[in-house]
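These notes concern the structure reproduced below.
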Amino acid sequence: MVWRETEIDRIAETDNLHISPLRDDGRTFGTPTWIWSVVVNGDLYVRGYNGQASRWYQAAVRQKAGRISAAGTTRDVSFEPIDGPLNDRIDDAYRTKYAGSRYLNPMIGSRARAATIRISPVETTD
């Protein structure tokens, strides 16, 4: 599933995304963690500041599902680790969105790049 344009545009503009991968029981959402996010070609990406050692990252990779809250929207999502040349474009998005932050260099460094995740919305059944 792809993001609705209005939804991804709102998320792209905010600096207030909380990520909650599922816990090991596969049903309970983890504690929301505030995290930087960027949008590249209509897809949403996040990185673990502490790299692959980040607890939320480990849960996201293991469970492949969870929930995010951003820009007044809460969505069930899937998580997919990303590697390769796409990371250069994600770096550029981080540079643009978070220019001037003292945390920018670590977020575009090799440790955080190794913990890049694509977040995609999932269909919900109500």
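Derivation of every value follows stated rules applied to the coordinates shown; laboratory data play no part. The structure displayed is predicted, hence computed values, not measured ones.
Once every DSSP H run of n ≥ 4 in the chain is given -39500 (n - 2.57) and the sum is divided by its residues, what mean residue ellipticity at 222 nm do you get, rounded to the nearest 500 deg cm²/dmol?
Working: 5 runs with 38 residues, N = 126.
Only helices count here, giving -8000 deg cm²/dmol.
Given the Cα-Cα distance of Arg62 and Arg95 and 0.36 nm per residue of separation, how much length would full extension add, in nm?
Roughly 9.0 nm would be gained on extension.
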